[in-house]
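J.: Got a structure here, written out as structure tokens. Questions coming.
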Amino acid sequence: MALLRCDFFSEALALSTSMTVILPQETTAQIGMTGAARAEGHPTLYLLHGMSDDDTIWLRRTSIERYVAPLGLAVVMPQVHRSFYADEVYGNRYWTFLSQELPEIANRFFRLSQRREDTFVAGLSMGGYGALKWGLRHPERFAAAASLSGALDMGDPERLRNRPEMMNRVFGDRPVRGTDDDLLWLLDQADTAAASTPDLYVCCGTEDPLLKSNHTFLETARRNDIPVTTDFGPGAHEWGYWDRKIQDVLAWLPLGKGDPT
């Protein structure tokens, strides 16, 4: 594998930012690990961080580089601060950066596949919300979207009361419920007849304070006949749980379906 810390300028944010990137490398002589790589564009996982972290955190808290090495999977991990992957009302355009600019820059810098069948998104906590929002808003881009312990009901009034200053900075004084920042509303709007929704995966520990919002998301998906792979079992909001579950997510991804023939 090749590991890159990439510092670059974002036009959407009008500032310099960063992403951490893992690129596949075919290896046979490396002791303890074998790497795989496709001759053409790499299948790619956009992996999103949580509220208190940054683009380096998945690499520092898990063995993500080792997990993806035999899969030939590129991993792009962007920096978005505490933006909830949104165009902040009193801040910066992080949704525009994530959904428009980042893929263009990453594809220009690296040899990534442009095929929907090769493109996936996942994240934890705030990043789980961001991953499902990206997958549901742009289903044409992703074959699969996964949330680990995600904050999946941002329209819940209790969440707004718990962090009023941050929520006001990001979303302003408008309600989140019923907008395209509301995952439940996005599920209600999904065109299930077109079978365009990406495969969805949701996991959350039963000791996690975000468990209720995950069940609410699942209930809304079921009401709309949208299938979701779920994993609710013992676990808290912590890295031991996420290190285990990202391995399950990688095993679940439909890798290989997009292989060029």
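J.: Quick one: which of E88, E11 is over 20 Å from the mean Cα position of the chain (by Cα) and at pLDDT 95 or above?
T.: E11
J.: Looking for something surrounded by fewer than 20 Cβ atoms within 10 Å (Cβ to Cβ), at positive phi and more than 17 Å from the chain's Cα centre (by Cα) - is there at least one such residue anywhere in the stretch 228-245?
T.: No: the stretch 228-245 contains no residue that is surrounded by fewer than 20 Cβ atoms within 10 Å (Cβ to Cβ), at positive phi and more than 17 Å from the chain's Cα centre (by Cα).
J.: Please find, among S113, S149, the residue that is surrounded by 20 or more Cβ atoms within 10 Å (Cβ to Cβ), under 20 Å from the mean Cα position of the chain (by Cα) and touching a residue at least 24 places away in the same chain (Cβ under 8 Å).
T.: None of the others qualify; the one that does is S149.
J.: Of the residues F120, F142, F110, which single one is within 23 Å of G256 (Cα to Cα) and touching a Lys or Arg at 6+ places or on another chain (Cβ under 7 Å)?
T.: Just a single option satisfies the conditions, and that option is F142.
J.: Within the stretch 54-66, is even one residue within 17 Å of Q247 (Cβ to Cβ), at pLDDT 95 or above, surrounded by fewer than 19 Cβ atoms within 10 Å (Cβ to Cβ) and over 18 Å from the mean Cα position of the chain (by Cα)?
T.: yes
J.: I'm told R169 meets every condition in (1) under 21 Å from T96 (Cα atoms); (2) in contact with a strand residue (DSSP E or B) (Cβ under 9 Å, 6 or more places away or on another chain) except one. Can you identify the failing condition by its number?
T.: (2)
J.: What helices (runs of 4 or more DSSP H) lie completely within the stretch 144-255 and have 3 or more residues being modelled with pLDDT under 95?
T.: 157-162, 164-171
J.: Let me ask something else about it. If S18 satisfies every condition in (1) more than 20 Å from A146 (Cα to Cα); (2) more than 17 Å from the chain's Cα centre (by Cα); (3) surrounded by fewer than 22 Cβ atoms within 10 Å (Cβ to Cβ) but one, which is the exception?
T.: (2)
J.: With respect to Y67, is the statement that it is of a type in the set (F, W, Y) and outside any strand (DSSP E or B) true?
T.: yes
J.: So N107 clears everything in (1) within 16 Å of P43 (Cα to Cα); (2) assigned to a loop (DSSP other than H, G, I, E, B) except one condition, right? Which one?
T.: (2)
J.: May I ask you to list the residues in the stretch 74-104 that are free of Cβ contacts under 8 Å to residues at least 60 places away in the same chain and either in a loop (DSSP other than H, G, I, E, B) or of a type in the set (D, E) (or both)?
T.: Within the stretch 74-104, V80, H81, Y85, D87, E104 qualify.
The values are calculated or read from the model by the stated rules, or taken from the named source; none is laboratory data. Not measured: the values here are computed from a predicted model. Quick reminder, even Gly has a Cβ in these numbers, built from the backbone with ideal geometry, and neighbours come from all protein chains shown.
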